[in-house]
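Accompanying notes for the structure given below.
The values are calculated or read from the model by the stated rules, or taken from the named source; none is laboratory data. These figures come from a predicted structure and were not determined experimentally. Heads up, the Cβs are rebuilt from the backbone with ideal geometry, glycines too, and the neighbour counts pull from every protein chain shown.
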Amino acid sequence: MPMEIKPGVTRIGWIGTGVMGTSMCGHLLDTGYQATVFNRTQAKLGPLIEKGAKSAASPREVAEVSDVIFTIVGCPADVRSVTLGPDGTLAGARPGSILVDMTTSEPALAVEIFETARAKGVASVDAPVSGGDIGAKEARLSIMIGGESGTVESLRPLFELMGRTIVHQGAAGAGQHTKMVNQILIATNMIGVCEALIYGYKAGLDLATVLQSVGSGAAGSWSLNNLGPRMIAGNFEPGFYVEHFLKDMGIALAESRRMKLALPGLALAEQLYRAVDAQGMGRKGTHALMLALARLSAVEWNPTSGTS
């Protein structure tokens, strides 16, 4: 029987309080859910503790006192550790509880977690998200979900507090495959956004005015309209880290090889982002690709002071 989820009754566990996780968990706390939280860097728990969350010493301790346990961590190795490790969530989860991994991770790992959890009487879904820090703060993420339909529907009241587009994509792993589609789209689109703005900059155009013309037409995109203004302002702080995007593209390329697909655009984007990382910008936002591409043409990116 699907779990009935209600504020003040359902106990939430949350593991991972980075750029997006803090906002996402914060929405649940603001709605009256009780939450127990964990992060490897305990200092990052501060904003959630101030909202009433309780801290735990390990993922296992989080699961022991929670009905629904969310994870949104860095990479597949982290997911495996915090979920399947000896001190992970599954070690502490009770039968009838639900594991929700919102990390962008490997489809095969999502299936492994699902099957391992099911053997213990624990439900599991993979529910990666798109929308970055802005989407997380404004509760308008796109959530792509893999798992059993009954479990997904029982979780909908929680997902609706974090996202605007909530779609059940299919069985375990389907959410992660859908996120790979999303990342492939973003990877090549970001190249176009950066190259177009560099062109406009070198041509002496006012880029804010350019965005007014092209942002609402056929050339418009989320990356252009949301990250374009940040690029123009010289703000390359992360909504989503370059190093995490490299991880995602690596997963997508590995899956494409497994399916015997040739995806040259994705391969090019991955190589360009390796250049971004090599230039010391792995902890900047994905739109820092702008700076690496500008350097290829010896362009000093500074739109506020004219062309270079």
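Give just the number: which of (1) small (Gly, Ala, Ser); (2) out of contact with any Lys or Arg (no Cβ under 9 Å at 6 or more places or on another chain); (3) within 19 Å of Gly74 (Cα to Cα); (4) in contact (Cβ under 8 Å) with a residue 60 or more places away in the chain does Gly280 not satisfy?
So the condition that Gly280 fails would be (4).
If I filter the range 236-245 for residues that are of a type in the set (Phe, Trp, Tyr) and assigned to a helix (DSSP H, G or I), do I get at least one hit?
yes
Restricting attention to the range 188-202, report how many residues are without any contact (Cβ under 8 Å) to a residue 60 or more places away in the chain and over 26 Å from Leu253 (Cα atoms).
Qualifying residue count for the region: 2.
Looking at Gly228, Gly239, Gly285, which one is more than 30 Å from Gly173 (Cβ to Cβ) and either assigned by TED's automatic domain parsing to the domain that holds Ala77 or buried (at least 19 other Cβ atoms within 10 Å of the Cβ) (or both)?
Gly228
Here is a yes/no grid of residues against (1) under 20 Å from the mean Cα position of the chain (by Cα); (2) closer than 21 Å to Ala110 by Cβ; (3) assigned to a helix (DSSP H, G or I):
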residue	(1), (2), (3)
Ile5	no, no, no
Gly46	no, no, yes
Val79	yes, yes, yes
Asp87	no, yes, no
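Helices (runs of 4 or more DSSP H) wholly in the range 130-208 with at least 1 residues that are among the charged types (D, E, K, R) and assigned by TED's automatic domain parsing to the domain that holds Ile251 - which ones?
Here the list reads 174-202.
Which of the residues that make up the range 48-73 are without any contact (Cβ under 8 Å) to a residue 24 or more places away in the chain and in a strand (DSSP E or B)?
Lys54, Ser55
Just for the range 1-37: of the residues that are surrounded by 23 or more Cβ atoms within 10 Å (Cβ to Cβ) and among the β-branched types (Val, Ile, Thr), which one is farthest from Ala77 (Cα to Cα)?
Among residues in the range 1-37 that are surrounded by 23 or more Cβ atoms within 10 Å (Cβ to Cβ) and among the β-branched types (Val, Ile, Thr), the one farthest from Ala77 (Cα to Cα) is Ile12.
One line per residue, one yes/no per condition, for (1) surrounded by fewer than 23 Cβ atoms within 10 Å (Cβ to Cβ); (2) at pLDDT 95 or above:
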position: Lys54; (1), (2): yes, yes
position: Thr83; (1), (2): no, yes
position: Ala91; (1), (2): yes, yes
position: Ser97; (1), (2): no, yes
position: Arg118; (1), (2): yes, yes
position: Asp126; (1), (2): no, yes
position: Asp133; (1), (2): yes, no
position: Arg140; (1), (2): yes, yes
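Picking from Glu50, Glu61, which residue would you name as being surrounded by fewer than 21 Cβ atoms within 10 Å (Cβ to Cβ) and closer than 25 Å to Lys120 by Cβ?
Exactly one of Glu50, Glu61 is surrounded by fewer than 21 Cβ atoms within 10 Å (Cβ to Cβ) and closer than 25 Å to Lys120 by Cβ, namely Glu61.
Residues of the range 282-301 being outside any helix (DSSP H, G or I), of a type in the set (Gly, Ala, Ser) and within 20 Å of Asn226 (Cβ to Cβ), which ones?
The answer is Gly285, and nothing else.
Looking at (1) out of contact with any Lys or Arg (no Cβ under 9 Å at 6 or more places or on another chain); (2) of a type outside the set (A, V, I, L, M, F, W, C); (3) farther than 23 Å from Thr22 by Cβ, can you tell me which one Ser81 breaks?
Of the numbered conditions (1) out of contact with any Lys or Arg (no Cβ under 9 Å at 6 or more places or on another chain); (2) of a type outside the set (A, V, I, L, M, F, W, C); (3) farther than 23 Å from Thr22 by Cβ, the odd one out for Ser81 is (3).
Tell me which of these Gly239 doesn't satisfy, since it passes every other one: (1) modelled with pLDDT under 95; (2) over 11 Å from Lys284 (Cβ atoms).
(2)
Name the one entry in Leu161, Leu185, Leu155 that is in contact with a His (Cβ under 9 Å, 6 or more places away or on another chain) and either touching a residue at least 24 places away in the same chain (Cβ under 8 Å) or within 29 Å of Glu270 (Cβ to Cβ) (or both). Working first, answer last.
Working: Leu185 fails: in contact with a His (Cβ under 9 Å, 6 or more places away or on another chain); Leu155 fails: in contact with a His (Cβ under 9 Å, 6 or more places away or on another chain).
Just a single option satisfies the conditions, and that option is Leu161.
Residues in the range 268-275: is at least one assigned to a loop (DSSP other than H, G, I, E, B) and at pLDDT 95 or above?
No, because not a single residue in the range 268-275 is assigned to a loop (DSSP other than H, G, I, E, B) and at pLDDT 95 or above.
Answer with yes or no whether Gly18 is in a loop (DSSP other than H, G, I, E, B), closer than 28 Å to Ala174 by Cβ and touching a residue at least 12 places away in the same chain (Cβ under 8 Å).
Yes: the conditions hold for Gly18.
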